[in-house]
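A short worksheet on the structure shown next.
The values are calculated or read from the model by the stated rules, or taken from the named source; none is laboratory data. Every value quoted in this text rests on a predicted model; they were computed, and no experiment measured them. Here the Cβ positions follow ideal geometry from the backbone for every residue, glycine too, while neighbour counts run over all protein chains shown.
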Amino acid sequence: MTFAPGQTVGPFFHLGLPFEGGNLLVPTAHPDAVRLHGRVFDGEGAGVPDSVIEIWQADPSGRVPRGTGSFHRDGFTFTGWGRAQTDGDGHYWFSTLIPGVTEPGRRPFIAVTVFARGLTDRLFTRAYLPGDEPEALLDGLEPGRRDTLIATREERGLLFDIHLQGEGETVFLSYPRQAR
Amino acid sequence: MEAKYRLATFAWSSVANVTTQADINREIDQLRGSGGPQPRLDYPPYRSSVLRHPTRDRQLVDPEGVELWAPCFGAADVDDAEADLTIQRAGEPLGERMVVTGRITDGDGRPVRDQLVEIWQANASGRYWHQRDQHPAPLDPNFVGAGRCLTGADGVYSFQTIKPGAYPWRNHVNAWRPAHIHFSLFGTDFTQRLVTQMYFPGDPLFDLDPIYQSITDPKAREMLVASYDHELTTPEYRLGYRWDIVLSGTHRTPLEEQ
């Protein structure tokens, strides 16, 4: 079976993808709001100023959100999905909630999709919450690689840098039933 | 303006070590058939990819939790009028009015219902409504070039728009992109997320374009080319193009569906 191939978002995605409040899964004033943020780096360690990051996550109770309204957020419905573009420094940020456990015994993560000019297809990765529980994907990776999938806890949130290439290159994922 | 641009082009090509279309063609030829049905991430003829592609293989993993589901969009997100890119401004945009429609199915042939489709594109002159596009082609005050819609119960989407023009870029000297519309799609699983570009049949720039050719399998590449469909054409009003899209396979079991 052949599936439609991807193509780069190109340099003009700002016309079609970003929208007001895209990065605010909850208002920053929400009592449980955390900032998930980081920088996207290229193979020479420079920030990538023209990339788009999307996140998709469970709510704090571990439930997968099924509500609509991401494009016109009402400030109360947690849709679990957001989109942010990087700034001139390659920095992105979201205001969101800490995801809960979706399946017993698994460590919570935020699913992340990366798009950029110069990136011919989207990339998938996971931003895991820091923790000690065993996790099959993480435990199967060498330590240096594993760390690229684990967000760093900060006072008011989580830091998750993404390295497209080179030193500290982020582990990107593929799934069964995708053409490669 | 035209004379000034010609001069600029002349100055460019007189500089030593510039990359010409012939250089890019050679590189494209060398990589033909070297990748699978998806674009090569490492594709040097597309110069911006050189420092932006991962060098390690992607890690195969079974989707779990949220990855088995896609975000939901609905009438709260998208207004019906957003599917018509010709009515967003005070007047009628210039160019060839067209409809593009098609059916989105998953890898098992099931229609992708009630899901979000986003598009963006250049105007009829090949100019984007974007600060970074400053090439000497006119903006059209009546055409922005971005739209959204939701698929119906049958997985069908439809947009009314203007046929975009080809546009020049600076990958190499005299680089031109074939006319295209950017499409952003969601499936029923997170893993089906797709951003791609739709092209028009018979474009003379296909062979010269390193972005289109980053998909090195010709059969896969052709999946991105819409077909002209006279049945969709409306007398004295607009031309019709059909483009069906197949996303990858899903992972949820019927039990999880309930």
Quick one: would you say A:ARG35 is part of a strand (DSSP E or B), basic (Lys, Arg), surrounded by 21 or more Cβ atoms within 10 Å (Cβ to Cβ) and more than 7 Å from chain B (Cβ to nearest Cβ)?
-> no
Residues of segment A:96-128 being more than 8 Å from chain B (Cβ to nearest Cβ) and in contact with a Lys or Arg (Cβ under 6 Å, 6 or more places away or on another chain), which ones?
-> A:TYR128
In the set A:ALA58, A:ALA84, which member is facing chain B (nearest Cβ under 7 Å) and touching a Gly at 6+ places or on another chain (Cβ under 9 Å)?
-> A:ALA58
Just checking, which of B:TYR228, B:TYR212, B:TYR199 is surrounded by fewer than 19 Cβ atoms within 10 Å (Cβ to Cβ), at pLDDT 95 or above and either touching a strand residue (DSSP E or B) at 6+ places or on another chain (Cβ under 8 Å) or more than 11 Å from chain A (Cβ to nearest Cβ) (or both)?
-> B:TYR228
Quickly run through segment B:55-82 and pick out the residues that are crowded, with 21+ Cβ neighbours inside 10 Å and either touching a strand residue (DSSP E or B) at 6+ places or on another chain (Cβ under 7 Å) or away from every other protein chain (no Cβ under 11 Å) (or both).
-> B:VAL66, B:GLU67, B:PRO71, B:PHE73
Note on B:HIS130: of the conditions (1) farther than 25 Å from B:GLY155 by Cα; (2) at pLDDT 95 or above; (3) of a type outside the set (Asp, Glu), unmet is (2)
Hey, among the residues in segment B:134-168 that are of a type in the set (Ser, Thr, Tyr) and part of a strand (DSSP E or B), which one's surrounded by the fewest Cβ atoms within 10 Å (Cβ to Cβ)?
-> B:SER158
Here the qualifying pairs (Cβ atoms under 6 Å; residues six or more apart or on different chains; first in segment A:2-25 and within 7 Å of another protein chain (Cβ to nearest Cβ); second assigned to a helix (DSSP H, G or I)) come out as A:THR2/B:ALA220; A:PRO5/B:ALA220
Working only within segment A:146-180, note down all residues that are more than 7 Å from chain B (Cβ to nearest Cβ) and among the small types (Gly, Ala, Ser).
-> A:ALA151, A:GLY157, A:GLY166, A:GLY168
